[in-house]
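Below is one structure, written out as structure tokens, with a few remarks after it.
The values are calculated or read from the model by the stated rules, or taken from the named source; none is laboratory data. Being a predicted model, the structure only gives us computed values, none of them experimental. Here the Cβ positions follow ideal geometry from the backbone for every residue, glycine too, while neighbour counts run over all protein chains shown.
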Amino acid sequence: MRYMGKFILAASALALGASAASAAEIKVGSVAGVTGPIAELVDPIIAGRNLAAQHVNDQGGLLKGDTLKMVLSDSACDPKAGVDAGGKVVNVEQVVAVVGASCSGATNGMVQSVTIPAGVVAVSDSATAPSISELKDNDLVFRVAPSDAYQGAALAKLAYDSGVRKLAMTYSNDDYNAGIATVFEKEFAGMGGTITANQAHEPNKASYRSELSTLASGGAEGIAIFAYYGSSGIAIIRNSLENGLFDKFFAADGMFDTSVIEQIGADNLRDRISITQSASDYADSSYQAFEAAFSATGKDPKAPYAAHGYDASFLVALAIEKAGSADRSKIGAALREVANAPGEVIRPGEWKKAKELIAAGKDINYEGASGQVDFDGNGDVVGVYSVNVVGDDDKWAITLLK
Amino acid sequence: MIEFLNFYLIPGLVLGSIYALGAIGITLTFSILRFANFAHGETMLLGVYITWSLVQFSGLHPLVVLPVAAMLTVLAVLVIDRAFYKPFRTSPTIMVVIASFGMMLMVRSVVQFFWGVQLKGMTPGIQRPMVFFDSLRISPKHVTIIGATLVLMLAVHYLLSRTKIGKAMRAMSDSPELAKLTGIDTEKVIRMTWIVGGALATAAGVFLAIDTHIDTNMGFKMLLPMFAAAILGGIGRPFGAVAGGLIIGVVEEISSYPWIGTEPLLNPGYKAGVAFAIMIAMLLWRPSGLFKGKVF
Amino acid sequence: MDQFYGIFLYVISLLTMGGIYAILALGLNIQWGFTGLFNAGIAGFFAIGAYVSALLTTAPSLRHLGGYELPYIVSFAVAMAVSGIIAWGVGKVCLKLRADYLAIATIGIAEIFRLILKNETWATNGPRGVSMIPKPFESLPEPWNQLAFLGLILATVVAIYFLLETARRSPWGRVMTAIRENEKSAMAAGKDIEKFRMEAFVVGCMLMALAGAFIAHYLKFIGPNATDPMTSTFLVWVMLVVGGSANNKGAILGAFLMWAIWSASEILTSRLPDELAIRTAYIRIFLIGLALQIFLQKFPKGIFPEVRPKPERREVVTESNASR
């Protein structure tokens, strides 16, 4: 206990000292569900955001050498906490823009009651609920994470094209997975496939054998799983394989993580699982630039939405540079200019180059680690999807879905 | 029919065994210390993470390091009792209930701080079940879990019925005032209660981790079913708690069996509610539980 | 200048949330403080209020029931009424249970409510929640709309406070205390205990629903995650215990104080280096738990201990012997 107290005192003294030393600091809010139900997914996303800030600061900083500081605040995946966290970064920290707030519900509350009224741009890196596109946002809400509508359709097409016609499906009853599942069901049926059974399941249960047994009784050729890998996805795959209930799996990117292979075993999954992921091809040079830098942090660059976290933060930095000042009201318009064509292509990590181009008055077009990131009228991006299977090296092997 | 056995009854029994082990601790604390311990799920969590660390460190099977992990967990629980529960021995129960609630937050955040929130596995890979008579499928790990649960229950039975301290525990659970008058060292009995409860919670958590995986929310998600099991069996009745755990585990699983037609009887989204519903029904119909436990 | 204006806005938001929690804490105070009912299912009644008011006031949507666009005053009244009726049903079956049992039963009931909100997608849009909820006064310019909303909340808190204080001093309030302290003698005095307890339970749950309705409009969004037991039930308990249970002033102070600590402590931790800042999010929860423990041990009666209303004629007042 005493140790803890000293530790906190020392750490806060250090932090206060550090903030006093750097004179010009431009703050961007980094709101994320640090605690709460998806804590394990949020950790790499924050690392992605911080990596972007590090790139900016290492290569000359913002504007006249100012430092970019990502101010972390916890949305706990809860709208109450999301609004509170948003209020803190916008009002107390006086951030120029906000990245976040992880879960769709928390993001929805935060943008409606904090950032839109305050006229602050919010760039979400993982909220996928379609309802966010419909908000009257005065062009202040952007997303680098594509709306569910795209991914549900992409996965349905993937499953159908692989020759599967009868599928069972199950989704974890949370704001993210329930949304993709709804789209998937409609799309797959629309193509002429049959959903033999569709069940919601409660996450965090110890066993899903009974659910799977009922799902398997309809003669399905495989199962589509919409779940976070931690709270139920891995358990479902394990229960299915151990009991021979299903051996063909389709999943969306909440399931995508190296721990799936670690926990289940590469050989058990080979040729059995396909996971769509909102990401560009791993062969893409933008992605590789990101991967090389991110791996140095010791975290998994392929973790869900880590690349989006990087892109969202890097874009905000570019927009500040483009706007020429840390003026909240100019970020929205600048964001579109730096993200969309035309312009010279900027890739992750190329801050110095971007800064020089902007200084020379040239247009730039950021091509992110997660995809093209071109914003449409709603501030959404068109989803680019890849499919992941277990490769020969026992790691995820990715190909871009056309 | 065989499907019913394989996918509903056996998983239900495995889950039930885990609930049962956790519920023994709850029912003992409830009857001897007279409070509903909200931190019991976190005791389980702490035990699991200690076990995980020992497994990483030693490379041994989780069941081998379990006794050591249980000892360390018990030690932590005893320290917690000394620092946070003992001051309230003579206060109204609400104080210690709220203290245990605060403890739940504290233990979980300590685990999250030191071990992080990333998902961990106790035994990676998958294990194909053994097949009997061409149809009955039982996974070896499930045999281990059910077997180990049986052994632990026998040990608890021996402790409570054959040893002096066990008899003192039962006496104190039946009537603390009388126990004090007959010269029973109440603090010693309380210590033993934490030892038994903490060790069994660690075992329950490790079994759950072997069957699934480890995450920092596993304590809280097990807490309410374990309460339900304790109440169903009757407070202060360890074997009632075992029966309650098994019943709740099995009923949870078979509630989504397609009894009528091919659709699950109960939408699996409501599965978590089954334990609560049983618990509430029991509280109303017969608060003393199936085995005539105590009603305060 | 911006900095001061920002802090001003933040203080408004602190007071708004603090006020909403004060309503919850006052509701709990009627149940626990005055009557001794251990309701651990606050989140359930809070959620009922939030969803009912949200569904009644939103514009039509294909995603959920509702689209009635009713005035707030109606939606608040209906939210309270619905919660009251449900509380009556719950009370009918559960109130005879003793403290700990009632706590466990109400936790179970609140979790079942949450499962219903998550699974009955046709009515509530399931886990995706209800969005675009109107907020009173939102057409006013900044910061007046926020001030007006805050005014509404604070006025409600003050009104509830005076109503409860009046009730506490009335014969009704004294019967409540008598039941809490000694059920048998209250019964012997010919009081219908069941009825009094039921009244306290229903009124408390109606206040919780009102707080829920306010939060839905304040956030402009409500989803199942906003009604999790941690911040909707347990935090309220902490507030009441810290402030001083059975004291309405204590309940209000506890709510504002604990919410301010809960929220503002992060402003300090976010100043730490990144890797530490993530981890200190957990330490923050740890410290809040520890603060609760210290409070329980050092100030078991809270900041404002209970003050008994003086009997009208006789001067006999004994020190409250049953500490809680």
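Any idea which of B:ALA281, B:ALA277, B:ALA230 is touching a residue at least 40 places away in the same chain (Cβ under 8 Å) and either out of contact with any Lys or Arg (no Cβ under 7 Å at 6 or more places or on another chain) or among the β-branched types (Val, Ile, Thr) (or both)?
Checking each option against the conditions leaves just B:ALA230.
Within the range B:57-80, which residues are within 14 Å of another protein chain (Cβ to nearest Cβ) and surrounded by 21 or more Cβ atoms within 10 Å (Cβ to Cβ)?
Listed by number, the list holds a single entry, B:ILE80.
Of all the residues that make up the range A:27-43, how many are surrounded by fewer than 24 Cβ atoms within 10 Å (Cβ to Cβ) and closer than 23 Å to A:GLU291 by Cα?
The qualifying residues number 2.
Yes or no, residue by residue, for (1) more than 17 Å from A:MET255 (Cβ to Cβ); (2) crowded, with 19+ Cβ neighbours inside 10 Å:
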| position | (1), (2) |
| --- | --- |
| A:VAL114 | yes, yes |
| A:SER131 | yes, yes |
| A:LEU135 | yes, yes |
| A:ASN138 | yes, no |
| A:PRO146 | no, yes |
| A:ARG165 | yes, no |
| A:MET169 | no, yes |
| A:ALA178 | no, yes |
| A:ALA189 | yes, no |
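Listed here are the residues, each with its yes/no results for (1) closer than 30 Å to A:ASP175 by Cβ; (2) touching a residue at least 60 places away in the same chain (Cβ under 8 Å).
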{"site": "C:LEU115", "(1), (2)": "yes, no"}
{"site": "C:THR124", "(1), (2)": "yes, yes"}
{"site": "C:PRO143", "(1), (2)": "no, yes"}
{"site": "C:LEU150", "(1), (2)": "yes, yes"}
{"site": "C:PHE162", "(1), (2)": "no, no"}
{"site": "C:ARG180", "(1), (2)": "no, yes"}
{"site": "C:GLU183", "(1), (2)": "no, no"}
{"site": "C:LYS191", "(1), (2)": "no, no"}
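Go through the residues of the range A:192-202 one by one and say whether even a single one is buried (at least 23 other Cβ atoms within 10 Å of the Cβ), assigned to a helix (DSSP H, G or I), touching a helix residue (DSSP H, G or I) at 6+ places or on another chain (Cβ under 9 Å) and within 11 Å of chain B (Cβ to nearest Cβ).
no
Where in the range C:199-300 are there helices (runs of 4 or more DSSP H), lying wholly inside it, with at least 2 residues that are more than 24 Å from C:TYR161 (Cβ to Cβ), within 12 Å of chain B (Cβ to nearest Cβ) and free of Cβ contacts under 8 Å to residues at least 40 places away in the same chain?
Once the helices (runs of 4 or more DSSP H) in the range C:199-300 are filtered for at least 2 residues that are more than 24 Å from C:TYR161 (Cβ to Cβ), within 12 Å of chain B (Cβ to nearest Cβ) and free of Cβ contacts under 8 Å to residues at least 40 places away in the same chain, what remains is C:274-298.
Within the range A:219-243, track down each residue that is in a helix (DSSP H, G or I), at pLDDT below 85 and of a type in the set (S, T, N, Q).
Selection gives A:SER231 alone.
Which residue pairs have Cβ atoms under 8 Å apart, sit 6 or more places apart or on different chains, and have a first residue in the range A:153-171 that is modelled with pLDDT under 85 and a second that is crowded, with 24+ Cβ neighbours inside 10 Å and of a type outside the set (Gly, Ala, Ser)?
none
Filter the range B:125-149 for residues that are free of Cβ contacts under 8 Å to residues at least 60 places away in the same chain, of a type in the set (Gly, Ala, Ser) and either within 14 Å of another protein chain (Cβ to nearest Cβ) or in contact with a helix residue (DSSP H, G or I) (Cβ under 6 Å, 6 or more places away or on another chain) (or both) and give the result.
B:GLY125, B:SER139
So A:ALA47 clears everything in (1) buried (at least 22 other Cβ atoms within 10 Å of the Cβ); (2) in contact (Cβ under 8 Å) with a residue 40 or more places away in the chain; (3) more than 19 Å from C:ILE278 (Cβ to Cβ); (4) among the small types (Gly, Ala, Ser) except one condition, right? Which one?
Every listed condition holds for A:ALA47 apart from (3).
Counting only residues that are outside any loop (DSSP other than H, G, I, E, B) and within 14 Å of chain A (Cβ to nearest Cβ), which one in the range B:247-256 is nearest to A:ARG209 (Cα to Cα)?
Of everything passing the filter in the range B:247-256, B:GLU253 is nearest to A:ARG209 (Cα to Cα).
If a residue has to be more than 7 Å from chain B (Cβ to nearest Cβ), assigned to a helix (DSSP H, G or I) and of a type outside the set (A, V, I, L, M) to count, how many in the range C:96-120 make the cut?
Of the residues in the range C:96-120, 3 are more than 7 Å from chain B (Cβ to nearest Cβ), assigned to a helix (DSSP H, G or I) and of a type outside the set (A, V, I, L, M).
Would you say A:VAL345 is assigned to a strand (DSSP E or B), in the same structural domain as A:ASP300 (by TED's automatic domain parsing), more than 19 Å from the chain's Cα centre (by Cα) and farther than 21 Å from A:PHE250 by Cβ?
The answer is yes for A:VAL345.
As an exercise: evaluate C:VAL93 against (1) β-branched (Val, Ile, Thr); (2) in contact (Cβ under 8 Å) with a residue 24 or more places away in the chain; (3) within 14 Å of another protein chain (Cβ to nearest Cβ); (4) in contact with a Leu (Cβ under 7 Å, 6 or more places away or on another chain) and give the number of the one condition it does not meet.
(2)
Residues A:PHE246, A:PHE188: which one is in the same structural domain as A:LYS395 (by TED's automatic domain parsing), closer than 28 Å to A:ASP393 by Cβ, modelled with pLDDT of 85 or more and of a type in the set (Phe, Trp, Tyr)?
That would be A:PHE246, the only listed residue that is in the same structural domain as A:LYS395 (by TED's automatic domain parsing), closer than 28 Å to A:ASP393 by Cβ, modelled with pLDDT of 85 or more and of a type in the set (Phe, Trp, Tyr).
Taking the range A:229-286 as the region of interest, how many residues are surrounded by fewer than 24 Cβ atoms within 10 Å (Cβ to Cβ), among the hydroxyl-bearing types (Ser, Thr, Tyr) and more than 8 Å from chain B (Cβ to nearest Cβ)?
4
Check the range B:95-115 and report whether any residue there is within 30 Å of C:ILE107 (Cα to Cα), modelled with pLDDT of 85 or more and among the basic types (Lys, Arg).
Yes, the range B:95-115 contains a residue that is within 30 Å of C:ILE107 (Cα to Cα), modelled with pLDDT of 85 or more and among the basic types (Lys, Arg).
Here are some conditions: (1) in a helix (DSSP H, G or I); (2) buried (at least 24 other Cβ atoms within 10 Å of the Cβ). B:LEU54 meets all but one. Which one does it not meet?
The one condition B:LEU54 does not meet is (2).
Inspect all residues belonging to the range C:128-137 and state whether any of them is more than 10 Å from chain B (Cβ to nearest Cβ), modelled with pLDDT under 90 and part of a helix (DSSP H, G or I).
yes
Being within 14 Å of chain A (Cβ to nearest Cβ) and not in a helix (DSSP H, G or I) is the filter here, so list the residues in the range B:205-242 that pass it.
B:THR212, B:HIS213, B:ILE214, B:ASP215, B:THR216, B:ASN217, listed by residue number.
Return the only residue of B:LEU152, B:LEU181, B:LEU160, B:LEU200 being at pLDDT 90 or above, surrounded by fewer than 22 Cβ atoms within 10 Å (Cβ to Cβ) and away from chain A (no Cβ under 14 Å).
The match here is B:LEU152.
Test each condition in (1) in a helix (DSSP H, G or I); (2) closer than 23 Å to A:GLY65 by Cβ for A:HIS308 and report the one that comes out false.
The one condition A:HIS308 does not meet is (2).
Suppose the filter is surrounded by fewer than 23 Cβ atoms within 10 Å (Cβ to Cβ), β-branched (Val, Ile, Thr) and touching a residue at least 12 places away in the same chain (Cβ under 8 Å); does B:VAL242 pass it?
No; evaluated as a whole, the condition is false for this residue.
Determine which member of the set B:LYS188, B:LYS271 is without any contact (Cβ under 8 Å) to a residue 40 or more places away in the chain and more than 13 Å from every other protein chain (Cβ to nearest Cβ).
Unique residue meeting the criteria: B:LYS188.
Pick from A:ALA81, A:ALA101: which is hydrophobic (A, V, I, L, M, F, W, C) and assigned to a helix (DSSP H, G or I)?
Testing whether each residue is hydrophobic (A, V, I, L, M, F, W, C) and assigned to a helix (DSSP H, G or I) leaves just A:ALA81.
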